[in-house]
Amino acid sequence: MSERPLTQNLRPDGQPPTLREYEQVGGYQAVRKALKDLGPAGVLGVVKDSNLRGRGGAGFPTGLKWSFVPMGPNAAHPKYLVVNADEMEPGTFKDRVLLEGDPHSLIEGVIVSAFAIEADIAYIFLRGEYFEAEKALARAIAEAREAGYMGKNILGSDYSLEVHLHTSAGRYICGEETALINALEGKRANPRNKPPFPQVSGLFGKPTIVNNVETLCNVPHIVNHGAAWFKSLSKTPNGGAKLFGVSGKAKRPGVWELPLGVTMREILEEHAGGMRDGVALRGIIPGGASTDFLLPEHLDLQMDFDTLPIAGSRLGTGTMILLDDKTCPVGMVHNLITFFAHESCGWCTPCRDGLPWIEKTLAAIERGEGIPEDMAMLDKHVPLLGPGLTFCALAPGAMAPLGSALRYFRDDFERHIREKRCPWR
């Protein structure tokens, strides 16, 4: 059994395996096992026991999430499984690796997961710019359908499932599952009030589960090899391995499948080759753009869902963005806030009005036009746009790099204002 199940089928030439090639290495055996041996309750049980947590950023236990879906003869139908493949978190490119390199692993994960909640229809909500992934997925879906892995009475069973590929117009807000559901319905991508939660009333008012690509790709391996095996892949109680990424001025930026609980130091120094010659590490955003900065002194912390919050950040998507000593931290944060302000759906006032105001303030500071009062204004806005005061997590996520940069790199902000210029230009 592979210690790196998610990436075991990836090829150096980047070409995805065909259906036959995927079956030759054990592909779709989890579908057979689920349909013939486990049943929906058995699949749900083993996923619960595995401690698989969502790989899209929130880290919510997958089996627990599935358990909220009404089951049995009186449950509303159709039920839906929706795959969030609209990967738009800055610094995050892990799902793209799976979508382009091994699309059948996602298709199999979709079928098994849909069976667990007795879903009738599955949608893969794909980022519109992922052209290669779209081609790979379309071919994989066609191959799987022709082979009888989807459609009516899969493999002669009583279970039927239709799988559709939906190319998204793309908005960062679609990372919020109810905004994604609205977009899939053809509506503006705004978050919905909760409750009701999607597990009870989601797509078209029916029970719906939304899961991330990497999350679902783990499911066939859990079904095939069991919960204990999956937990053994991890260095912490968080189950499994994970795709970790590094971007920035490392010698070998990229994505690697490693045990949950691997340290940031190992990822950076052993896999990414360390920092490029001539630059030094100054800060790390550990889990995509909506997580707090950490410092080089934190490099020996484990990358998992429980350890990083103790240090004031989050695992998020597990994709590290590096800040080096030749890059302006004010400019870096301004770049991130510009993105978040552009991607605000405008649904609530703090996000709609607060983020553009912060962006303009940071732009002025970066141009050398900042004033001392700007620092107090930025400090004030971090909690005002924080958790509990906005409709969804977009603005609080944007405040993570800003608030932590003000904490760790405050002298750089003040130097911009004092010298009336960006010192890195």
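Nothing in this text is a laboratory measurement; each read-out follows from the coordinates by a stated rule. Because the structure is a prediction, the values reported are computed rather than measured. Every residue, glycine among them, receives a Cβ derived from its backbone with ideal geometry; neighbour counts consider all protein chains shown.
A compact table of results
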item	result
Two-decimal ratio, region 241-324, of alpha-carbon radius of gyration to 2.2 N^0.38 Å	0.94
Likely footprinting exposure, F340, F197, fewest C-beta neighbours within 10 Å first	F197, F340
Cα shape, region 5-232, gyration tensor, a/c 1.5 rule	rounded
Ellipticity estimate at 222 nm from DSSP helix runs (n ≥ 4, -39,500 (n - 2.57)) divided over the chain, nearest 500	-11000 deg cm²/dmol
Ordering of 403-412, 151-160 by burial proxy (mean other Cβ atoms within 10 Å per residue, highest first)	403-412, 151-160
Acute angle (nearest 10 degrees) that the helix 373-384 long axis makes with the longest principal axis of the chain, alpha-carbon atoms	20 degrees
Highest to lowest packing among 231-244, 80-93, scored as the average C-beta count within 10 Å	80-93, 231-244
Among T390, G318, M377 the positive-end extreme of the charge dipole of region 288-401 (Cβ point charges)	T390
Shape call, region 329-419: gyration tensor on alpha carbons, a/c limit 1.5	prolate
Set K48/K94; K65/K380; K65/K135; K36/K135; K36/K65; K251/K380 screened for pairs whose C-alpha atoms are more than 28 Å apart	K65/K380; K65/K135; K36/K135; K251/K380
Mean separation of Cα contacts under 8 Å (6+ apart) over length of region 241-324, as relative contact order %	36 percent
Bins of 10 Å, starting at 0 and running to the largest distance - Cα pair percent for region 265-364	15, 39, 32, 13, 1
15 Å cut-off, amide nitrogen to a point 7 angstrom out along F197 Cα→Cβ, residues in region 207-251	207-211
Region 348-423-region 226-262 distance, computed between alpha-carbon centres (Å)	32 Å
Region 5-232, relative contact order [Cα under 8 Å, separation at least 6], %	30 percent
Electrostatic dipole magnitude of the chain [Cβ: Lys, Arg +1; Asp, Glu -1; Cα centre; debye, to 20]	340 debye
Angle in degrees between helix 394-408 and the longest Cα principal axis of the chain, rounded to the nearest 10	40 degrees
Protection proxy ranking, peptides 8-19, 391-402, average beta carbon neighbours within 10 Å, highest first	391-402, 8-19
Computed Kirkwood radius, in angstrom, where 1/r is averaged over Cα pairs of the chain	22.3 Å
Taking the chain and dividing mean pair separation by its residue count, relative contact order in percent (alpha carbons under 8 Å, at least six apart)	16 percent
